[in-house]
1. Could you list, in sequence order, the residues of the stretch 43-56 that are assigned to a helix (DSSP H, G or I) and farther than 16 Å from residue 19 by Cβ?
2. Answer yes if at least one residue in the stretch 23-37 is buried (at least 18 other Cβ atoms within 10 Å of the Cβ) and either at pLDDT 85 or above or not in a loop (DSSP other than H, G, I, E, B) (or both), and no otherwise.
3. I'd like the full set of residues that are part of a helix (DSSP H, G or I) and not hydroxyl-bearing (Ser, Thr, Tyr), limited to the stretch 66-96.
4. If I ask for residues that are surrounded by 12 or more Cβ atoms within 10 Å (Cβ to Cβ) and among the aliphatic types (A, V, I, L, M), which ones from the stretch 51-82 would you list?
Amino acid sequence: MPDNNGHSDFSGLLPLLRFNLRETSGDCACGCAAFSEDELLALLDKHGGDVNAASYEGLILKARSDSLVLPDGLELPDGRNYWLNLARLYRPVVSRNIPRAEEVRGIVSDSQH
């Protein structure tokens, strides 16, 4: 059942999602979090409570380039590769039926003539 913000009740999954996204206290040098609780719940809601799928999307969002160039020309690297490597842990496996070669090329077997 949706809460006041329109999210399903996935609040019990928040600790695991926070852990996967490295959003727990002390993981960031400044102690900050990239996502609010509402944003985390929206990710869970979007993915039907699938923590791995929500983690994957959240880590991709965190992978945006955040490098910084200082006035003296010194460039501080971004953490993009770190977040993308973490995202790989939660990347969904997409499986589908592979069509037969005859179906792809439109070939009819001799037994159908």
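1. Those that are assigned to a helix (DSSP H, G or I) and farther than 16 Å from residue 19 by Cβ: 45, 46.
2. For the stretch 23-37, residues buried (at least 18 other Cβ atoms within 10 Å of the Cβ) and either at pLDDT 85 or above or not in a loop (DSSP other than H, G, I, E, B) (or both): present.
3. Once the filter is applied, which keeps residues that are part of a helix (DSSP H, G or I) and not hydroxyl-bearing (Ser, Thr, Tyr), the stretch 66-96 yields 80, 81, 83, 84, 85, 86, 87, 88.
4. 51, 53, 54, 59, 60, 61, 63
The values are calculated or read from the model by the stated rules, or taken from the named source; none is laboratory data. Small disclaimer: the values here were computed from a predicted structure and weren't measured. Because the Cβ atoms are built from the backbone with ideal geometry, glycine has one as well, and the counts that use them run over all protein chains shown.
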